[in-house]
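The next block holds one structure in the form of structure tokens; read it before the comments.
The values are calculated or read from the model by the stated rules, or taken from the named source; none is laboratory data. Note that the structure is predicted; figures quoted are calculated from it, not measured. Here the Cβ positions follow ideal geometry from the backbone for every residue, glycine too, while neighbour counts run over all protein chains shown.
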Amino acid sequence: MTINELLRNLSGTLQEAGYIHGQREAEIILGHLTTLDTAKLFTSGEDEVDQQIVNRAQKAVAQRIQGRPLAYIIGTQQFLGLHMKTDERALIPRPETEHLVELLVKKIRARKLERSEILEVGTGAGPIAIALTKYFPSSKITATDISAEALELAEDNAQLLGADITFIESDLLEKVPVKPYEVIVANLPYVPEERLAFVSDEILDWEPMVAVQAGEDGFAYIRRFLETVKPYTTGESVIALEMWHTHGVLVEELVQTLFPDASVEIRQDLAGFDRFAVITLS
Ligand SMILES: C[S@@+](CC[C@H](N)C(=O)[O-])C[C@H]1O[C@@H](n2cnc3c(N)ncnc32)[C@H](O)[C@@H]1O
């Protein structure tokens, strides 16, 4: 079978199963298995494909039809240009979270905090912490998660990407030794319970629920995190959060009570929804 024939076969199977981006997904699967980029796949279209690759590609498409996310099937997802290893142990890093890192990077530079102690709470596969080591190699980064499995994957990623990070398994800040951090970032679960019904099956069936479920109002983790974070701040720390799009006002009110001198900037994601809060303590 040639590359073109296999691509037609895979994309046809995906499209028949309702995957409207079947063509693109077939290219990604085959590109991953052959290590050819899309342009090379087309220029090599008449080359014969090894039967082993045909089998693996068909197996990957069968998994996709079961609903398994593409990033888990191919085992990798790009995050700010970094090739993160992905599997069911942790949430797939999202493009909106790239935006959170970019906002934080700007803030860190503006406040000249490039050589800081940085803490990430709820690191998942590690994308935020690992990206920050690349932007700020002189910083010391600690990353936590409640999930031992997620931390294993984050450790794999840190090793693969040459990032020096201290990992701590902890329910929010419970087991994190108290010391001041200039920068703290958290993308904790934030989907309110009643909105889970609108979250896609692909997420609910395949991604870890510990990364998605966030209690009745979706603010439980962020609330508890903010209520306990003070001993970890310097009084001038920057705290960046990703949040549910209606929670900006909850963040503002809580910060006002806990840190009366702080300022809160609410920022939007690419779809225009309030998605991020950048808190500057003073
Ligand atoms: C929305 S995911 C974000 C993962 C990663 N930071 C990212 O941006 O891709 C939330 C993460 O918080 C972790 N988490 C959930 N509850 C937690 C808790 N009580 N303490 C610490 N981490 C928690 C989950 O295991 C998950 O890895």
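Things worth noting here:
- Scan of the range 244-282 for residues that are touching a Phe, Trp or Tyr at 6+ places or on another chain (Cβ under 6 Å) and among the hydrophobic types (A, V, I, L, M, F, W, C), ordered by number: Trp244, Leu250, Leu281
- Contact map, the range 66-95: residues that are on the phi < 0 side of the Ramachandran plot paired with residues that are away from the ligand (no atom under 13 Å from the Cβ) and of a type in the set (S, T, N, Q), Cβ distance under 9 Å, separation 6+ or inter-chain. Pairs shown: Tyr72/Gln63; Ile73/Gln63; His83/Thr76; Met84/Thr76; Lys85/Thr76; Thr86/Thr76.
- Some residue of the range 97-115 being under 12 Å from Val183 (Cα atoms), touching a helix residue (DSSP H, G or I) at 6+ places or on another chain (Cβ under 7 Å) and part of a strand (DSSP E or B): no
- Residue pairs whose Cβ atoms lie under 6 Å apart, sitting 6 or more positions apart in sequence or on different chains, and linking a residue in the range 168-193 that is free of Cβ contacts under 8 Å to residues at least 40 places away in the same chain and among the acidic types (Asp, Glu) to a partner that is assigned to a loop (DSSP other than H, G, I, E, B) and within 8 Å of the ligand (Cβ to nearest atom), are Asp171/Ile146.
- Selection from the range 99-124 of residues that are of a type in the set (D, E, K, R) and near the ligand (Cβ under 9 Å from one of its atoms): Glu120
- Of all the listed residues (Arg109, Arg68), the sole one being of a type outside the set (Val, Ile, Thr) and closer than 29 Å to Ala277 by Cα is Arg109.
- When residues of the range 234-255 are limited to those that are part of a strand (DSSP E or B) and either among the acidic types (Asp, Glu) or crowded, with 20+ Cβ neighbours inside 10 Å (or both), the one modelled with the lowest pLDDT: Glu236
- Filter result for Lys59 (within 24 Å of the chain's Cα centre (by Cα), modelled with pLDDT of 95 or more and part of a helix (DSSP H, G or I)): no
- Of all the residues in the range 207-265, those that are of a type in the set (D, E, K, R), under 20 Å from Ile128 (Cβ atoms) and touching a Pro at 6+ places or on another chain (Cβ under 8 Å) number 1.
- Taken together, the residues in the range 164-203 that are assigned to a strand (DSSP E or B), more than 19 Å from Ser237 (Cα to Cα) and either within 13 Å of the ligand (Cβ to nearest atom) or not β-branched (Val, Ile, Thr) (or both) amount to 5.
- Members of the range 204-235 found to be free of Cβ contacts under 8 Å to residues at least 24 places away in the same chain and away from the ligand (no atom under 13 Å from the Cβ), listed by number: Leu204
- Taking the range 125-163 as the range and being aliphatic (A, V, I, L, M), within 14 Å of the ligand (Cβ to nearest atom) and assigned to a helix (DSSP H, G or I) as the test, the residues that pass are Ile128, Ala129, Ile130, Ala131, Leu132, Ala148, Ala150, Leu151, Leu153, Ala154, Ala158.
- Listing of helices (runs of 4 or more DSSP H) fully contained in the range 1-46 that carry 1 or more residues being modelled with pLDDT of 95 or more and touching a helix residue (DSSP H, G or I) at 6+ places or on another chain (Cβ under 8 Å): 3-16, 22-34
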